[in-house]
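The values are calculated or read from the model by the stated rules, or taken from the named source; none is laboratory data. It should be emphasised that the depicted structure is a prediction, and the values quoted were computed from it without experimental measurement. Because the Cβ atoms are built from the backbone with ideal geometry, glycine has one as well, and the counts that use them run over all protein chains shown.
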Amino acid sequence: MADTTFALKLDVRRLHGDADADVTDVALAMDEEAFRAFYDRTAGALWGYLSRVSGDRQVADDLLQESYYRLLKSTTVFESESHRRNYLYRIATNLVRDSRRGAKPLFDEGVEMADIAAPQPHADAERRHDVRRAMGRLKPRERALLWLAYAQGSSHSEIADVLGLKTASIKLLLFRARRKLAAILQA
Amino acid sequence: MDMKHVEPTDAEIEAIVSEAIAAEAAMARTEAAPPSSAIVWWRAQMRARQEAAQIADRPITIVHALAIASGAGLMLGLLGYATGGLKASLAWLTATYQSVAAGAPLASIDLTSRWVTLPMTAMLVSVLVASIAAYVILADE
């Protein structure tokens, strides 16, 4: 990681034609301390959301960085921590949707097989495999709905905010997504 | 009784889904290895700097392009003018020289001829445009 950082610094300095330039701050929506604290609280969960909704860890890695950058560049005034977090998830959701255009199939076998090969009890590994396969057969919006509701514990209004839907429609959409996932898991 | 055909209740479906996603979320937490906040912050700073620099460079690039276009247009105009009017200008110069050499007063020289005013105007415009272009380029550097 340190090598990567060093290489990036060199590249940027070369770009600016100043080998001795210091890295100075530019105007972003948060100061460093506040950002780092917010990132440390949210990055793990956001990565989980991105990887499960996109079905691709590499995509999740890329979109994680992009999501935080767009949040930092945003001029939105946040009323609370949860408002900021929901906004971040909304950015991430839009990025996943955009990345899906012309992308490879979700939940490719390579990812799943790597997980199953990990030293885990056989039954657990098989169950995870089933859950991922079932998730992979859902639409991205259904995965996002279920993940936000059951992994993040988001309220209907928060889910609606993140996914850009009406709060009143969330209950029905969740009901359908639950039934679909349960049916696939039980098949 | 064949249980396979019994439809699960909403509560059972809720339990199945909740349990499955909770297990998947727990797995995701163990897999997650996001870069450190310091790295993400630093990359964001670098990217914001680059974008700011690109935005700041844009008007200067436009001025450069305008200066180059003006200079090129002027040169082409002069070239076109020179090919057509060179002979006439030379003839005017020769006639002026001869009349001055013959003792004619300087006041009698016709300075309103277009073969005098056009080259003079072109020269002045060239000097003006070149000065502005040089100033902009040097100020940028």
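So the values come out like this:
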quantity: Checking residue A:167 against (1) surrounded by fewer than 19 Cβ atoms within 10 Å (Cβ to Cβ); (2) modelled with pLDDT of 90 or more; (3) under 21 Å from residue B:9 (Cβ atoms), the condition it does not meet; calculated: (3)
quantity: Residue B:44 being over 24 Å from the mean Cα position of the chain (by Cα) and either under 16 Å from residue A:62 (Cα atoms) or more than 7 Å from chain A (Cβ to nearest Cβ) (or both); calculated: yes
quantity: Residue in region B:79-87 that is of a type in the set (Phe, Trp, Tyr) and modelled with pLDDT under 80 present; calculated: yes
quantity: Filtered residues of region B:11-22 (kept if within 7 Å of chain A (Cβ to nearest Cβ) and either acidic (Asp, Glu) or surrounded by 15 or more Cβ atoms within 10 Å (Cβ to Cβ) (or both)); calculated: B:13, B:14, B:16, B:17, B:18, B:20, B:21
quantity: Residue in region A:15-24 that is touching a helix residue (DSSP H, G or I) at 6+ places or on another chain (Cβ under 9 Å), more than 9 Å from chain B (Cβ to nearest Cβ) and at pLDDT 90 or above present; calculated: no
quantity: Residue list for region A:67-82, filter: surrounded by 14 or more Cβ atoms within 10 Å (Cβ to Cβ) and not in a loop (DSSP other than H, G, I, E, B); calculated: A:67, A:68, A:69, A:70, A:71, A:72, A:73
quantity: Check on residue B:29, at the interface with chain A (Cβ under 7 Å from one of its Cβ atoms) and surrounded by fewer than 16 Cβ atoms within 10 Å (Cβ to Cβ); calculated: yes
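Conditions (1) at pLDDT 90 or above; (2) within 12 Å of chain B (Cβ to nearest Cβ); (3) closer than 16 Å to residue A:54 by Cβ, marked per residue:
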site	(1), (2), (3)
A:93	yes, no, yes
A:100	no, no, yes
A:118	no, yes, no
A:136	no, yes, yes
A:139	yes, no, yes
A:145	yes, yes, yes
A:151	yes, yes, yes
